[in-house]
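The values are calculated or read from the model by the stated rules, or taken from the named source; none is laboratory data. Just so you know, these numbers come straight off a predicted model, no measurement behind them. Cβ placement follows ideal geometry from the backbone for every residue including glycine, while neighbour counts extend to all protein chains displayed. The area values use the complete protein model at the heavy-atom level, side chains included, leaving out ligands, DNA and RNA. Shrake-Rupley method; radii C 1.70, N 1.55, O 1.52, S 1.80 Å.
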Amino acid sequence: THSAESRSRGAFILLEGCDRTGKSTQAAKLVERLQTLGHSTKLWKFPDRTTRIGQMIDGYLAKGEDLNDHAVHLLFSANRWEAVEAMEKHLSAGTTLVVDRYAYSGVAFSAAKGLDLEWCKHPDRGLLRPDLTLFLDMPIEESMKRGGFGEERYEKLTIQTKVRELFLQLREPTWVMVDATQSIESIHKELVHQSEKAITRVRDQPLQHDLWL
Ligand code: DGP
Ligand code: NA
Ligand code: NA
(Lines give C-alpha, C1' and ligand atoms only; values in the text may rest on other atoms or scores of the structure.)
(Ligands and ions follow the chains in the order given, each with its own letter.)
Protein backbone atom coordinates (compact mmCIF):
# COMPACT_ATOMS: atom_id res chain seq x y z
CA THR A 1 0.00 0.00 0.00
CA HIS A 2 1.01 3.65 -0.28
CA SER A 3 1.29 4.17 3.45
CA ALA A 4 3.62 1.18 3.81
CA GLU A 5 5.71 2.47 0.94
CA SER A 6 6.06 5.96 2.34
CA ARG A 7 7.48 4.48 5.53
CA SER A 8 10.08 2.28 3.82
CA ARG A 9 13.62 3.54 3.50
CA GLY A 10 16.44 2.84 1.08
CA ALA A 11 19.47 0.67 1.86
CA PHE A 12 23.02 1.89 2.44
CA ILE A 13 25.07 -0.45 0.27
CA LEU A 14 28.84 -0.05 0.50
CA LEU A 15 31.51 -1.28 -1.90
CA GLU A 16 34.96 -1.50 -0.34
CA GLY A 17 38.32 -2.88 -1.42
CA CYS A 18 41.86 -2.01 -2.40
CA ASP A 19 42.64 0.18 -5.40
CA ARG A 20 41.83 -1.16 -8.91
CA THR A 21 39.58 -3.99 -7.74
CA GLY A 22 36.70 -2.75 -9.91
CA LYS A 23 34.64 -0.93 -7.28
CA SER A 24 33.71 2.07 -9.41
CA THR A 25 32.83 -0.05 -12.46
CA GLN A 26 30.67 -2.34 -10.32
CA ALA A 27 29.07 0.55 -8.40
CA ALA A 28 27.93 2.17 -11.66
CA LYS A 29 26.57 -1.10 -13.06
CA LEU A 30 24.81 -1.90 -9.79
CA VAL A 31 23.06 1.47 -9.67
CA GLU A 32 21.88 1.06 -13.25
CA ARG A 33 20.55 -2.45 -12.63
CA LEU A 34 18.77 -1.61 -9.37
CA GLN A 35 17.09 1.33 -11.11
CA THR A 36 15.96 -0.97 -13.93
CA LEU A 37 14.51 -3.32 -11.30
CA GLY A 38 12.43 -0.41 -10.00
CA HIS A 39 14.45 0.62 -6.94
CA SER A 40 15.14 4.31 -6.57
CA THR A 41 18.97 4.24 -6.39
CA LYS A 42 21.77 6.77 -6.33
CA LEU A 43 25.55 6.46 -6.73
CA TRP A 44 27.67 8.00 -3.98
CA LYS A 45 31.46 8.32 -3.88
CA PHE A 46 34.06 8.93 -1.19
CA PRO A 47 36.22 10.88 -1.18
CA ASP A 48 33.84 13.41 -2.73
CA ARG A 49 36.43 15.62 -4.43
CA THR A 50 33.86 18.30 -5.38
CA THR A 51 33.51 19.92 -1.95
CA ARG A 52 36.05 22.36 -0.50
CA ILE A 53 37.37 19.65 1.82
CA GLY A 54 37.35 17.24 -1.15
CA GLN A 55 39.49 19.64 -3.17
CA MET A 56 42.12 19.59 -0.40
CA ILE A 57 42.02 15.78 -0.49
CA ASP A 58 42.41 15.80 -4.28
CA GLY A 59 45.42 18.09 -4.02
CA TYR A 60 47.00 15.56 -1.67
CA LEU A 61 46.10 12.42 -3.65
CA ALA A 62 46.52 13.51 -7.23
CA LYS A 63 48.75 16.59 -7.21
CA GLY A 64 51.39 15.52 -4.71
CA GLU A 65 50.64 18.31 -2.22
CA ASP A 66 52.04 17.42 1.19
CA LEU A 67 49.93 17.36 4.33
CA ASN A 68 50.41 15.90 7.79
CA ASP A 69 49.14 12.28 7.90
CA HIS A 70 46.83 12.93 10.87
CA ALA A 71 45.44 16.08 9.28
CA VAL A 72 44.72 14.22 6.02
CA HIS A 73 42.95 11.50 7.97
CA LEU A 74 40.68 14.07 9.58
CA LEU A 75 39.95 15.67 6.19
CA PHE A 76 38.77 12.32 4.79
CA SER A 77 36.59 11.83 7.87
CA ALA A 78 35.20 15.38 7.62
CA ASN A 79 34.42 14.66 3.96
CA ARG A 80 32.14 11.82 5.16
CA TRP A 81 30.58 13.85 7.96
CA GLU A 82 29.72 16.72 5.61
CA ALA A 83 27.67 14.24 3.54
CA VAL A 84 25.64 12.75 6.42
CA GLU A 85 22.55 14.94 6.18
CA ALA A 86 22.24 14.49 2.42
CA MET A 87 22.70 10.72 2.72
CA GLU A 88 20.07 10.52 5.47
CA LYS A 89 17.67 12.56 3.39
CA HIS A 90 17.94 10.21 0.41
CA LEU A 91 17.76 7.03 2.49
CA SER A 92 14.76 8.25 4.46
CA ALA A 93 12.99 9.22 1.25
CA GLY A 94 13.35 5.61 0.07
CA THR A 95 16.40 5.93 -2.17
CA THR A 96 19.05 3.23 -1.95
CA LEU A 97 22.62 4.53 -1.94
CA VAL A 98 25.41 2.56 -3.59
CA VAL A 99 28.50 3.99 -1.93
CA ASP A 100 31.98 3.62 -3.44
CA ARG A 101 34.35 3.56 -0.37
CA TYR A 102 33.74 4.76 3.17
CA ALA A 103 35.26 4.81 6.65
CA TYR A 104 36.85 1.36 6.27
CA SER A 105 39.03 2.80 3.51
CA GLY A 106 39.60 5.76 5.79
CA VAL A 107 41.06 3.62 8.55
CA ALA A 108 42.83 1.06 6.35
CA PHE A 109 44.77 3.64 4.32
CA SER A 110 45.80 5.77 7.29
CA ALA A 111 46.73 2.82 9.51
CA ALA A 112 48.76 1.41 6.60
CA LYS A 113 50.92 4.55 6.88
CA GLY A 114 51.53 3.73 10.55
CA LEU A 115 48.85 5.72 12.36
CA ASP A 116 47.30 4.03 15.39
CA LEU A 117 44.26 1.96 14.37
CA GLU A 118 42.04 3.02 17.27
CA TRP A 119 42.95 6.67 16.78
CA CYS A 120 42.00 6.29 13.13
CA LYS A 121 38.56 4.84 13.92
CA HIS A 122 37.63 7.57 16.35
CA PRO A 123 36.64 10.48 14.06
CA ASP A 124 34.22 8.23 12.13
CA ARG A 125 32.43 6.94 15.25
CA GLY A 126 28.71 7.63 15.05
CA LEU A 127 28.55 7.92 11.26
CA LEU A 128 25.78 6.06 9.45
CA ARG A 129 26.47 2.33 9.46
CA PRO A 130 26.22 0.55 6.09
CA ASP A 131 23.42 -2.01 5.80
CA LEU A 132 25.54 -4.15 3.49
CA THR A 133 29.28 -4.09 2.84
CA LEU A 134 30.47 -5.82 -0.31
CA PHE A 135 34.23 -6.30 -0.14
CA LEU A 136 35.87 -6.76 -3.54
CA ASP A 137 38.96 -8.83 -2.93
CA MET A 138 41.80 -9.96 -5.17
CA PRO A 139 45.56 -10.51 -4.89
CA ILE A 140 47.41 -7.16 -5.02
CA GLU A 141 49.75 -8.59 -7.69
CA GLU A 142 46.70 -8.91 -9.97
CA SER A 143 45.22 -5.49 -9.32
CA MET A 144 48.63 -3.93 -9.99
CA LYS A 145 48.46 -5.22 -13.57
CA ARG A 146 45.29 -3.22 -14.18
CA GLY A 147 45.30 0.01 -16.14
CA GLY A 148 46.15 3.21 -14.35
CA PHE A 149 47.74 1.62 -11.29
CA GLY A 150 50.49 3.79 -9.86
CA GLU A 151 49.05 7.13 -10.89
CA GLU A 152 48.03 8.19 -7.38
CA ARG A 153 49.76 8.43 -4.04
CA TYR A 154 48.78 5.09 -2.47
CA GLU A 155 49.03 2.89 -5.55
CA LYS A 156 52.13 0.95 -4.56
CA LEU A 157 52.55 -2.76 -3.76
CA THR A 158 53.73 -2.36 -0.15
CA ILE A 159 50.97 0.10 0.80
CA GLN A 160 48.21 -1.90 -0.90
CA THR A 161 49.37 -5.12 0.79
CA LYS A 162 49.12 -3.45 4.21
CA VAL A 163 45.78 -1.86 3.30
CA ARG A 164 44.37 -5.28 2.41
CA GLU A 165 45.54 -6.75 5.75
CA LEU A 166 43.92 -3.86 7.61
CA PHE A 167 40.65 -4.23 5.71
CA LEU A 168 40.60 -7.88 6.80
CA GLN A 169 41.13 -6.78 10.43
CA LEU A 170 38.21 -4.36 10.14
CA ARG A 171 35.98 -6.99 8.56
CA GLU A 172 32.62 -7.47 10.30
CA PRO A 173 30.41 -10.59 10.28
CA THR A 174 27.93 -8.87 7.96
CA TRP A 175 30.48 -8.25 5.21
CA VAL A 176 30.14 -10.20 1.99
CA MET A 177 33.51 -11.12 0.51
CA VAL A 178 33.47 -11.08 -3.29
CA ASP A 179 36.15 -12.66 -5.48
CA ALA A 180 37.10 -9.69 -7.66
CA THR A 181 39.07 -11.84 -10.13
CA GLN A 182 35.78 -13.15 -11.57
CA SER A 183 34.33 -11.70 -14.76
CA ILE A 184 32.62 -8.30 -14.54
CA GLU A 185 29.26 -9.99 -15.21
CA SER A 186 29.59 -12.68 -12.51
CA ILE A 187 30.61 -10.12 -9.90
CA HIS A 188 27.74 -7.89 -11.02
CA LYS A 189 25.18 -10.70 -10.61
CA GLU A 190 26.40 -11.46 -7.10
CA LEU A 191 26.25 -7.79 -6.10
CA VAL A 192 22.72 -7.39 -7.48
CA HIS A 193 21.54 -10.49 -5.60
CA GLN A 194 23.03 -9.35 -2.27
CA SER A 195 21.75 -5.80 -2.75
CA GLU A 196 18.17 -6.85 -3.43
CA LYS A 197 18.19 -8.96 -0.26
CA ALA A 198 19.48 -5.99 1.75
CA ILE A 199 16.90 -3.59 0.27
CA THR A 200 14.10 -5.95 1.35
CA ARG A 201 15.63 -6.65 4.76
CA VAL A 202 16.08 -3.02 5.89
CA ARG A 203 13.07 -1.28 4.36
CA ASP A 204 11.19 -1.13 7.69
CA GLN A 205 14.25 -0.70 9.92
CA PRO A 206 15.42 2.65 11.29
CA LEU A 207 18.67 4.16 9.96
CA GLN A 208 21.70 3.14 12.02
CA HIS A 209 23.95 5.93 13.26
CA ASP A 210 26.28 3.74 15.26
CA LEU A 211 29.36 3.04 13.17
CA TRP A 212 32.03 1.70 15.54
CA LEU A 213 29.99 2.49 18.65
P1 DGP B 1 39.47 6.59 -5.15
O2 DGP B 1 38.93 7.95 -5.49
O3 DGP B 1 38.40 5.61 -4.71
O4 DGP B 1 40.40 6.03 -6.19
O5 DGP B 1 40.34 6.82 -3.82
C6 DGP B 1 41.47 7.60 -3.87
C7 DGP B 1 42.58 7.09 -2.98
O8 DGP B 1 42.39 7.53 -1.64
C9 DGP B 1 42.67 5.58 -2.92
O10 DGP B 1 44.06 5.23 -2.94
C11 DGP B 1 42.07 5.24 -1.60
C12 DGP B 1 42.38 6.43 -0.75
N13 DGP B 1 41.34 6.71 0.25
C14 DGP B 1 40.01 6.65 0.08
N15 DGP B 1 39.36 7.03 1.19
C16 DGP B 1 40.33 7.31 2.09
C17 DGP B 1 40.31 7.76 3.43
O18 DGP B 1 39.26 7.98 4.03
N19 DGP B 1 41.52 7.97 4.03
C20 DGP B 1 42.70 7.75 3.40
N21 DGP B 1 43.83 7.99 4.06
N22 DGP B 1 42.75 7.33 2.12
C23 DGP B 1 41.59 7.10 1.49
NA1 NA C 1 42.35 4.98 -6.75
NA1 NA D 1 37.55 3.62 -7.74
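Quick notes
- Within the range 1-99, helices (runs of 4 or more DSSP H) holding 2 or more residues that are under 19 Å from Phe167 (Cβ atoms) and at pLDDT 95 or above: 23-36, 69-81
- Within the range 38-49, residues that are closer than 15 Å to Tyr104 by Cβ reach partners that are in a strand (DSSP E or B) and acidic (Asp, Glu) with beta carbons closer than 6 Å, at six or more positions or on different chains, in the pairs Lys45/Asp100.
- Boolean, Glu118 is at pLDDT 95 or above, over 18 Å from the mean Cα position of the chain (by Cα), surrounded by fewer than 20 Cβ atoms within 10 Å (Cβ to Cβ) and among the acidic types (Asp, Glu): yes
- Looking only at residues of the range 55-81 that are charged (D, E, K, R) and more than 15 Å from Val99 (Cα to Cα), we find that the one that is nearest to ligand 2 (Cβ to nearest atom) is Asp58.
- Within the range 179-192, residues that are open to solvent by 20 Å² or more (accessible area, probe 1.4 Å) have Cβ atoms under 7 Å from residues that are assigned to a strand (DSSP E or B) in these pairs: Asp179/Asp137; Glu190/Val178, counting only partners at least 6 apart in sequence or on another chain.
- For the range 51-71, the criterion of a residue being farther than 30 Å from Lys145 by Cα, of a type in the set (Ser, Thr, Tyr) and out of contact with any Ser or Thr (no Cβ under 9 Å at 6 or more places or on another chain) is satisfied by at least one position.
- Close contacts from the range 59-81, counting a first residue that is free of Cβ contacts under 8 Å to residues at least 12 places away in the same chain and a second that is within 11 Å of ligand 1 (Cβ to nearest atom) and not aliphatic (A, V, I, L, M), with Cβ to Cβ under 8 Å and a gap of 6+ residues or different chains, come to Asp66/Tyr60; Leu67/Tyr60.
- Neighbours by Cβ (under 6 Å, 6+ apart or cross-chain): first from the range 150-178, in contact (Cβ under 8 Å) with a residue 60 or more places away in the chain; second surrounded by 13 or more Cβ atoms within 10 Å (Cβ to Cβ) and in a loop (DSSP other than H, G, I, E, B): Glu155/Asp19; Glu155/Phe149; Gln160/Cys18; Val163/Cys18; Arg164/Cys18
- Thr50 over 16 Å from the mean Cα position of the chain (by Cα) and of a type in the set (Ser, Thr, Tyr): yes
- Summed over the range 18-36, the residues that are open to solvent by 70 Å² or more (accessible area, probe 1.4 Å), more than 15 Å from ligand 2 (Cβ to nearest atom) and not hydroxyl-bearing (Ser, Thr, Tyr) give a count of 3.
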